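The values are calculated or read from the model by the stated rules, or taken from the named source; none is laboratory data. As the structure is a computational prediction, the values presented were derived from the model and not from experiment. Here the Cβ positions follow ideal geometry from the backbone for every residue, glycine too, while neighbour counts run over all protein chains shown. Heavy atoms of the whole protein, side chains included, go into the accessibility calculation; ligands, DNA and RNA do not. Shrake-Rupley method; radii C 1.70, N 1.55, O 1.52, S 1.80 Å.
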Amino acid sequence: MQNIVHKKRIHLGAAFLLVIFALLFFLLIGRFLYLQATGEVKGHNMSAEAAKYYNVDKNIQADRGAILDRSGDPIAEDTPSFNLVAVLDESLSTEKIKRHVVDPKETASKLAPLLEADESEILEKLEQDRKQVEFGAIGRDISPSVKNKIEELELPGIAFIEGKKRYYWNGVFASHVIGFARPDENGQVKGAIGLEKMLEEELKEQDGNYTIKTDNKGTVLPKDANVSFVPAINGKNVHLTLDKTIQTFLEEAMNEVEEKYEPEKIMAIVADPKTGQILAMGSRPTFDLNTREGLTDNWNNDTISYRYEPGSTMKIFSLAAAIEEGVYNGSTLYESGTYMLPKDPIPVRDHNGGVGWGTITFDEGVQRSSNVAFALLADKMGTDTLLEYIKAFGMDKPTGIDLPDETTSNINYHYNRDRISTAFGQASAFTPIQQIQAATAIANDGKMMQPYVIDKIVDPNTNEVVLQNKPKQKGEPISKETANKVLSVLESVVTAENGTGRPYAIEGYSVAAKTGTAQMPGPDGKYLYGHGEYIYSITGMAPADNPELLIYVAVQKPKIEKHENGAGPVSGVFNSVMRRSLQYLSIQPDEKVQSAPKKKQTGHKVPDLVGGSVKNAINGSQDAESPEYVVLGNGSKVLKQIPEAGQSVIKAEQVLLLTEKEPPMPDMTGWSLRDVRKLTNLLGIKPNIVGNGYVHKQNIAPGTVLKSGDHLIIELKSNRPLPESENEEEEEERDAVS
């Protein structure tokens, strides 16, 4: 009986266990089927979790498209950057290997001079109760050279996070044209203004990634193990018509005028009148593209978005209309001074208070910039006819230049006085770029060319040219004969004894130009009066018989002395840029062309020193009029020189003499940007200029051997550090001449 009971208990136990195992089995199968169907456990995706252990994901960074000048030199591009971090968690270190900051005070003292920061500020960061800290602005965007110096210190716990940043190679450089890009709230870099914003779709990049399958030990599985790869797509590269060298000429000239005269605005454009290509464009106030220093509430490009009454530069187009209509005879006499309009008690007055210059010819009237002469011409041809020419010159609508935020003119033609006044640049308002476009017809045999700044856009992933701009003719408002006649008259504005353009004569080159002095409305709507309360401007072309360059410069309300006029600040930009650009473009001077009399300047012809001994070159340069010779290298013979033989330099200007192929870096403290350019051109070094003014810092230490292709980073500041022995009066003279 007991055996039977015992067997029943065994059978019951077995049955119970069988039921339990069956339940567990079905539960397991059910769970398995559920997991297979849903792929989730407690809201976590099993595939994704497994991928963390068996997939290695790597992001492939793409680069935002570069912006380049007409020669392919970079203006804006993505470059590597490094952010400094400090590890403070002691648990990450071992007795042998220290991975955290062991001595905060010593670390701070060594980092401070390299980061150009206070030691106390760094120490405060290093003494925080955190596992890891960053250094904020002082530790952000560390340059490769500074990174290398910090790494050489071998400071425990100091590390770098590698990234990239948008870098602008020249700092202040057509800033409102180029614009800048910056990270948005999601960390995505996007254009904020200028071409960076307008061409966002073309410039933006798309990062790629790849995933590699591994086993549980991290070993990469065979190639057929489902490797995933998405390539990075770089942004498209934008090639501009801007010429880096001519733009530098313009920036330097505007800097000098801004420093000397402190105007409210400067606007300047350099164009090729044959094609409409913009070679340089700039304005003041401006800002540094990298630091944003100087950026004000005005984010607009004034050369295309600021309209104003241009003054007498408008007379160029009224003159062209009068010649084309056959109502202009340069030898015809008229009475200057004042001219009474019908049913208008207030006469049109010439700019010398209505006194005039007596009975003069119309040619002399143009040379003297007589308002009365142009009022008479407008009456002769009719103001309706004049308006048709204004429209034919494209001045009634935007030019369509490929830049954002262009505005258009305001043609005030309501009353007869406004119509007449428009002929000599009052009443109606126009933009600088409208005047440039119209002037191309004068310089280009009557054919008017549309201005443009984008040459082409290239996809670097395929090398495909996705956009190619070509010169576009916008019209032919005047004949070739009229254009040549206008050039001839405008040339006399510069060469004639009484011409208002005499300050703009350039030795060796004929210049056709028209000056302008424009009145400005005040807060009450009335015109401002007083010394310097005007917009002074010039539209000039050279060489006059076949212009290769067209330049417009306007300077608003400069602080000029009582004995000065607006020609000082305007010529400070125009003459320098025109002369240097013509020479740079290898446009040969005409020895028959002489400039207007100027103050005597001390000059010196550079001799041919190549092949000669350095000792003889230095010994032959001891007279008071000689330039300053800077010897590069320790060789005994001169291999190269800049400026080249025969070029004129002023007293104390630097002439660089290269004596070996890879010379040591000189100490450039106090050098001008112009002298820096000489060095980089001579050695084939890629310069990276930050700021304006004179050299304060250089990334390549003096004495370091230079090699072709080295990246030289120069920091400029407006105040020039001068050695105590340097004669300040000589420096002032040198700056004024240059």
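Between LYS526, LYS557, LYS562, LYS592, the distinction of being of a type in the set (Lys, Arg) and within 30 Å of GLY446 (Cβ to Cβ) belongs to LYS592 only. For region 94-108, a residue qualifies if it is open to solvent by less than 80 Å² (accessible area, probe 1.4 Å) and farther than 13 Å from ILE158 by Cβ, and exactly one does: THR94.
PHE82 falls short on exactly one of the conditions (1) at pLDDT 90 or above; (2) buried (at least 19 other Cβ atoms within 10 Å of the Cβ), and that condition is (1). Close contacts from region 144-169, counting a first residue that is over 27 Å from LYS190 (Cβ atoms) and a second that is of a type in the set (Ser, Thr, Tyr) and surrounded by 15 or more Cβ atoms within 10 Å (Cβ to Cβ), with Cβ to Cβ under 6 Å and a gap of 6+ residues or different chains, come to LEU155/THR107. Could you grab me the full set of residues in region 149-170 that are over 17 Å from PHE135 (Cα atoms) and of a type in the set (A, V, I, L, M, F, W, C)? Answer for region 149-170, where residues must be over 17 Å from PHE135 (Cα atoms) and of a type in the set (A, V, I, L, M, F, W, C): LEU153, TRP169.
Among the residues of region 548-572, those identified as surrounded by fewer than 24 Cβ atoms within 10 Å (Cβ to Cβ) and part of a loop (DSSP other than H, G, I, E, B) are GLU548, LYS557, LYS559, ILE560, GLU561, LYS562, HIS563, GLU564, ASN565.
Results for (1) open to solvent by less than 10 Å² (accessible area, probe 1.4 Å); (2) in a loop (DSSP other than H, G, I, E, B); (3) within 17 Å of LEU403 (Cα to Cα), shown as yes or no for each residue.
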| residue | (1), (2), (3) |
| --- | --- |
| GLU252 | no, no, no |
| LYS260 | no, no, no |
| VAL270 | yes, no, yes |
| LYS274 | no, yes, no |
| LEU279 | yes, no, yes |
| SER283 | yes, no, yes |
| PHE287 | yes, yes, no |
| THR291 | no, yes, no |
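Restricted to region 574-629, and to residues there that are at pLDDT 70 or above and in contact with a Lys or Arg (Cβ under 8 Å, 6 or more places away or on another chain), the residue that is nearest to THR248 (Cα to Cα) is PRO627. Each residue in region 491-507 was checked for being assigned to a helix (DSSP H, G or I), under 16 Å from ALA567 (Cβ atoms) and touching a strand residue (DSSP E or B) at 6+ places or on another chain (Cβ under 8 Å), and 3 pass. If I filter region 59-71 for residues that are surrounded by fewer than 19 Cβ atoms within 10 Å (Cβ to Cβ) and over 23 Å from TYR168 (Cβ atoms), do I get at least one hit? So far as region 59-71 goes, yes, one or more of its residues are surrounded by fewer than 19 Cβ atoms within 10 Å (Cβ to Cβ) and over 23 Å from TYR168 (Cβ atoms).
Yes/no matrix, rows are residues, columns are (1) buried (at least 20 other Cβ atoms within 10 Å of the Cβ); (2) touching a residue at least 60 places away in the same chain (Cβ under 8 Å):
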site	(1), (2)
ILE454	yes, yes
PRO460	no, yes
GLU464	no, no
LYS474	yes, yes
VAL493	yes, yes
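Within region 172-183, the residues that satisfy the criterion of being over 16 Å from GLN206 (Cβ atoms) and over 13 Å from the mean Cα position of the chain (by Cα) are ARG182, PRO183. Considering only region 68-76, I want to know if a residue exists there that is of a type in the set (Ser, Thr, Tyr), closer than 30 Å to LYS190 by Cβ, at pLDDT 90 or above and touching a helix residue (DSSP H, G or I) at 6+ places or on another chain (Cβ under 9 Å). Yes - at least one qualifying residue is present in region 68-76. Residues that are within 16 Å of GLU564 (Cβ to Cβ) and either of a type in the set (Lys, Arg) or in contact with a His (Cβ under 9 Å, 6 or more places away or on another chain) (or both) within region 255-275 comprise just one, LYS260.
Any idea which of ILE316, ILE304, ILE323 is open to solvent by 10 Å² or more (accessible area, probe 1.4 Å) and either part of a helix (DSSP H, G or I) or among the basic types (Lys, Arg) (or both)? That would be ILE323, the only listed residue that is open to solvent by 10 Å² or more (accessible area, probe 1.4 Å) and either part of a helix (DSSP H, G or I) or among the basic types (Lys, Arg) (or both). Taken across region 423-430, residues that are hydrophobic (A, V, I, L, M, F, W, C), buried (at least 19 other Cβ atoms within 10 Å of the Cβ) and part of a strand (DSSP E or B) do occur, with at least one present. Only residues that are crowded, with 21+ Cβ neighbours inside 10 Å and part of a strand (DSSP E or B) were counted in region 510-527, giving 6. Quick check: anything in region 709-721 open to solvent by 20 Å² or more (accessible area, probe 1.4 Å), closer than 25 Å to VAL606 by Cα, more than 20 Å from the chain's Cα centre (by Cα) and at pLDDT below 80? Checking region 709-721: not a single residue is open to solvent by 20 Å² or more (accessible area, probe 1.4 Å), closer than 25 Å to VAL606 by Cα, more than 20 Å from the chain's Cα centre (by Cα) and at pLDDT below 80.
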